[in-house]
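The structure appears below as structure tokens.
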Amino acid sequence: MHAEIIAVGTEILLGQIVNTNATFVAKRLADMGIDVYFESVVGDNEERLLSEIKRADSRSDLIILIGGLGPTKDDLTKQTVAKFLGKSLVEDAVAMAKINRYYAETGKVMTENNKIQALYIQDSIALKNETGFAVGNYSKNENGTDFLLLPGPPSEMKPMFIHQAQPRLQETYFNDHRLFSRVLRFFGIGESMLVTKLADLIDEQTNPTIAPYAKTSEVTLRITASSKTETEAIKMLNKMENEINSRVGEFMYGYGDDNSLVAVVVDQLKSKGLTISAAESLTAGKFQSTLGSVPGVSSVFYGGVVTYSNQAKEQLLGVSHETLKNEGAVSEQTAKEMANSVREKLGTDVGISFTGVAGPAELEGHPVGTVWIGLAIKGQKTIAKLYHFSSNRYFIRERAALSGLDYIRRSL
């Protein structure tokens, strides 16, 4: 099953808005097991849109057009698709009643072009617009390409796709089977390496399917199984997850679309009854700010200090003057002393520290991106780990804070 997405709108071509709709729909289709092979953007021009539809029709099973369903002269999508299919446009009575009711209640004068929003393509299904007026359209063609037309405003498009289009696509392409998905989250491994290690599973996928998504500083995998029963699907998902974990399990930290590494670590601390404090140099409070983003973190997070200068490291944390002189601020020993000190001063079970070079220039002979993270856990030997990050100052600090979270997760 091959799908193609065509975003319609000159404003997208001009860079006036970002095409987030295509991203949303492509992700939803991937979750359903429908492959998107092509995406394109066309301006509000009938000739060019018709040309793009003809090309898509020659190579795709499902064409999804987003935008151009409104009442203005440049909203030409449904008219152009109807022309391509040799169909006329007919009025959806429910949508027209909604438009009439709106103008009657507001006392506004309805212009004739507003009626266009209630039109859909003959012999197809009109899709209800929950938050607007322009109806969508699903045209199922037994011996040809299927068409799905969605409105451009995300506030209208998303609910229409979720509540109107997705169930129909499910019914059309998967019959009596249902789709069950599981999201695995990974940190510490890039998308290219993850895909390389799972290459054969991805290349040979049938059911379940595997869809990787690169996010900021992490990667997720969505495993989707098509099955008649949930029990059968869970068995399939478990088998695939076990195979994935046998290869890259050390990098997996949790599940779910709405999860995060910091949330997992906070839950981990809560479940073990542990408290934490932090001492930061190059991250300048970024780690503590990240912890603070989790509701209820106050039950485990006591606080911390930012010691950017050597003087602050000595005065606030008691880092040895000899250590700073002989080993330097960017060193294993400094990281350990910082972690030990903040844990002891705040009376927590865990103390973590960050010291390094965020740039723009090297420090103490260390290149930009050199980072030491120290970890002091009550009853255990204090440890520190050396990291080397590339890219810009913002990324180095961001990556260091997240790596600190992962360091805690693995150590606990």
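Descriptive notes on the structure:
- Three-way shape call for the stretch 274-372 based on the alpha-carbon gyration tensor, with the a/c threshold at 1.5: oblate
- Cα gyration tensor, the chain - rounded (a/c under 1.5), prolate or oblate: prolate
- For ARG182, solvent-accessible area (1.4 Å; no DNA, RNA or ligand), Å²: 40 Å²
- Note that the chain presents 47 Å² accessible area per residue, ligands and nucleic acids not counted, probe 1.4 Å.
- In this simple spin-label model, placing a label point 7 Å from the Cα along the Cα-to-Cβ direction at both TYR213 and ASN100 gives a separation of 4.2 nm.
- Gain in span if fully extended, GLU362 to ARG168, counting 0.36 nm per residue against the direct Cα distance: 64.1 nm
- Accessible surface of the stretch 273-321 [probe 1.4 Å, protein heavy atoms]: carbon and sulfur percent: 54 percent
- Solvent-accessible area assigned to carbon and sulfur over the stretch 56-196 amounts to 51 percent, based on a 1.4 Å probe.
- With every protein chain in place, the stretch 338-412: carbon and sulfur % of accessible area (1.4 Å): 51 percent
- Antiparallel DSSP beta bridges within the stretch 204-337, as percent of all bridges there, nearest 5: 60 percent
- Furthest towards positive pole of dipole, ALA400, ALA82, THR145, structure part the chain, Cβ charges: ALA400
- For the chain, share of DSSP beta bridges that run antiparallel, in % to the nearest 5: 60 percent
- If the segment from LYS108 to ASP200 were pulled out straight at 0.36 nm per residue, it would be longer than the present Cα-Cα gap by 27.0 nm.
- GLN380-LEU13 pseudo-label distance in nm [points 7 Å out on the Cα-to-Cβ vector]: 5.8 nm
- In the assembled protein chains, PHE187 presents an accessible area of approximately 10 Å² (probe radius 1.4 Å).
- At R0 = 22 Å, FRET efficiency that the Cβ-Cβ distance of ASP258 and ARG410 yields, to 0.05: 0.45
The values are calculated or read from the model by the stated rules, or taken from the named source; none is laboratory data. Predicted model only: the values in this text are computed from it and were never measured. Using ideal geometry, Cβ is built from the backbone for each residue, glycine included, and neighbour counts are taken over all protein chains shown. For accessibility, only protein heavy atoms count, side chains too; no ligands or nucleic acids. Shrake-Rupley method; radii C 1.70, N 1.55, O 1.52, S 1.80 Å.
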